[in-house]
There are 2 protein chains.
Amino acid sequence: MNPALSLAPRPTPPGPDRAAEALAPFVRRHLPGVEAALAAALPSPVGLPPTLDAATREALGVEGRPGSRWRPLLTLAAAQATGGDPLAALPVAVAVELTHTASLVLDDLPSMDDADQRRGRSSTHRQVGPGGAILLAVSLLARSAELLGALPARGGRLSAEWGEAFGLSGMAGGQAVDLTGTFAGGGAARRLHRRKTTALSAFAVRAGAVAVGAPEPVALGLSRFGRDLGWAYQLADDAEDWKEDARLGRGPGGRSPRRQSLRVLEGALRRMRELPGLSAQGVLLMEALARQTAGFPQNPGGRKWA
Amino acid sequence: MNPALSLAPRPTPPGPDRAAEALAPFVRRHLPGVEAALAAALPSPVGLPPTLDAATREALGVEGRPGSRWRPLLTLAAAQATGGDPLAALPVAVAVELTHTASLVLDDLPSMDDADQRRGRSSTHRQVGPGGAILLAVSLLARSAELLGALPARGGRLSAEWGEAFGLSGMAGGQAVDLTGTFAGGGAARRLHRRKTTALSAFAVRAGAVAVGAPEPVALGLSRFGRDLGWAYQLADDAEDWKEDARLGRGPGGRSPRRQSLRVLEGALRRMRELPGLSAQGVLLMEALARQTAGFPQNPGGRKWA
């Protein structure tokens, strides 16, 4: 929509401060529920090797250091922004975090990034071997399907969209391009490569809205917001690596991706604010989550909410 | 149900010959559709490394030697047996075969069974490396979620049941017990270990019926039939290994599991025939598929249908 042609009054961009103010009570109210649901998400069947159970709890951050949980919080915020009850989207939020965790466990494998550590502890395959880590990741995906499929009325649709998000044209395809290094080859491969990061954040925002019955045009707009936010997040992450490399006097040099990250984020926020039918409070929440997620200077606490 | 108390006339067990006769036209009619749907199931997004695409086609048996397809055929037969249109269950049948293929690709990995060959060709990880094989398997699962979730009316329920089948209390949990060798430890672990094989065959039969709206008691009975058939199949497979080992003068000795496999199969068939509301033709089809699947002497062709 060309803003010059719009007859509706333009909302004033609320700015980082008001957004951060809106976020604190939302996080206090919903983060404990997300953590509790994650802790209960993967009950261990009788007979399962106990090491696998312990590694699952650690991978999910139920024990040890938890993740920032920005994806599940965004899912709940999207549900609220479209006029729904965030609690109705809690199974979606949990499925999103389980799927994210599965992708981390797989990315760390010796045959992928070969990372020994994750969040300051041994990575999953260092605890249970690569075979155990693969089965754990697969089980996290399986449980996501159970949670999404069981949602009343929209379980089928959400399962199908989730499958698309982590499949060949989404996370798995992007990781395949990453693994083979073919993203240097051309635009299509580069675009697919981005989906390694953007497909799940797009699903996280969109599915929160779909779960509470948001109409498709709004869901589509939120999907784009989630995608752009995922991309801004990736660029901010790359900027951290760039800074570290520069400090150590190595790396590719050139310009830090931080400015590009900021540009992508501001564009994503501007378009999100223009979406029809979102509550002002919901817009503020999503803006605050987006700003903290991309780790910008106005939020020196970075990815901490409390 | 105690047969002595039943007032309904007992159906005469049709026997292997009539069952085999019923099967041939069913296979001629539906196997080409299964093969075509499998060939179309995993379209390659633009930008994907082409080696992954080729390995996917080979893993699915779309090129090279196809699998026996007994699981998807059973799905279609279950749909027909409960009075539905087998074609309405085709996406379920395809999802079942994709999930089965994903499990084979993962089982062959160096960190699992470390198998270099599958169906007489290089296993997937020998073609695209362990990382590529893992992403391929994950993509097969993702596509299964898409197919199941998109089914009208029952997509959510089928996605949820599918997640349960391949998760910690199903295939993945069973494989975890297998990997760690903890099945020797006790009954619960042994029962979980069996689900490595039985969870998917139970889902294959049950989901065919659910997809066409079969009532829950029938679906439950078919689930048990699928589970028992999967177990008979596993025992028949073990019997082949036992024979090979005996021929080479090694292996654990003792008695071949063949007799136990036959006993499990006949019990499964007897209970399946007693289920209410199945068409006589559907019962014959499922019996024929079950007998050929478990590879019994009366079907020297083994797992070939044509």
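Miscellaneous remarks
- Of all residues making up the stretch A:123-146, the number that are of a type in the set (Gly, Ala, Ser), without any contact (Cβ under 8 Å) to a residue 12 or more places away in the chain and either surrounded by fewer than 24 Cβ atoms within 10 Å (Cβ to Cβ) or in contact with a His (Cβ under 9 Å, 6 or more places away or on another chain) (or both): 2
- The sole residue among B:ARG143, B:ARG157 that is assigned to a helix (DSSP H, G or I), within 7 Å of another protein chain (Cβ to nearest Cβ), basic (Lys, Arg) and more than 29 Å from A:GLY47 (Cα to Cα) is B:ARG143.
- Considering (1) of a type outside the set (A, V, I, L, M); (2) in contact with an Asp or Glu (Cβ under 8 Å, 6 or more places away or on another chain); (3) more than 8 Å from chain B (Cβ to nearest Cβ), the lone condition that A:THR197 does not fulfil carries the number (2).
- Test: residue in the stretch B:233-250 that is more than 23 Å from B:VAL92 (Cα to Cα), modelled with pLDDT under 95, assigned to a loop (DSSP other than H, G, I, E, B) and not basic (Lys, Arg): yes
- Residue in the stretch A:87-96 that is under 13 Å from A:ALA137 (Cα atoms) and not hydrophobic (A, V, I, L, M, F, W, C) present: no
- Some residue of the stretch A:71-82 being outside any helix (DSSP H, G or I) and either within 30 Å of A:GLY131 (Cβ to Cβ) or touching a residue at least 12 places away in the same chain (Cβ under 8 Å) (or both): yes
- Of the residues making up the stretch B:275-286, one or more are within 20 Å of the chain's Cα centre (by Cα) and either under 17 Å from B:THR198 (Cα atoms) or without any contact (Cβ under 8 Å) to a residue 40 or more places away in the chain (or both).
- Scope the stretch B:96-116; condition under 24 Å from B:VAL34 (Cβ atoms), of a type in the set (A, V, I, L, M) and at the interface with chain A (Cβ under 10 Å from one of its Cβ atoms); matching residues: B:ALA102, B:LEU106
- Applying the condition of being closer than 17 Å to A:LEU23 by Cβ and polar (S, T, N, Q) to the stretch A:251-298 and asking which residue is modelled with the lowest pLDDT yields A:GLN298.
- Residues of the stretch A:117-132 satisfying the condition of being modelled with pLDDT of 95 or more and more than 8 Å from every other protein chain (Cβ to nearest Cβ): A:SER123, A:THR124, A:HIS125, A:ARG126, A:GLN127, A:VAL128
- Complete set of residues in the stretch B:32-52 that are surrounded by 16 or more Cβ atoms within 10 Å (Cβ to Cβ), modelled with pLDDT under 95 and assigned to a helix (DSSP H, G or I): B:LEU52
- Some residue of the stretch B:16-23 being out of contact with any Gly (no Cβ under 8 Å at 6 or more places or on another chain), part of a helix (DSSP H, G or I), farther than 28 Å from A:LEU192 by Cα and at pLDDT 90 or above: yes
- Scanning the stretch B:90-118 for residues that are within 17 Å of the chain's Cα centre (by Cα), acidic (Asp, Glu) and surrounded by fewer than 24 Cβ atoms within 10 Å (Cβ to Cβ) turns up just one, B:ASP107.
- Residue check, B:GLY61 out of contact with any Ser or Thr (no Cβ under 7 Å at 6 or more places or on another chain), under 30 Å from B:LEU284 (Cβ atoms) and in a loop (DSSP other than H, G, I, E, B): yes
- Residue match in the stretch B:208-226 (condition: at the interface with chain A (Cβ under 8 Å from one of its Cβ atoms), outside any helix (DSSP H, G or I), surrounded by 23 or more Cβ atoms within 10 Å (Cβ to Cβ) and at pLDDT 95 or above): no
- Residue tally, condition at the interface with chain B (Cβ under 7 Å from one of its Cβ atoms), part of a helix (DSSP H, G or I) and crowded, with 24+ Cβ neighbours inside 10 Å, over the stretch A:161-188: 8
The values are calculated or read from the model by the stated rules, or taken from the named source; none is laboratory data. Quick caveat: nothing in here was measured; it's all calculated off a predicted structure. With ideal geometry, Cβ positions are generated from the backbone for all residues, glycine too; neighbour counts draw on all protein chains shown.
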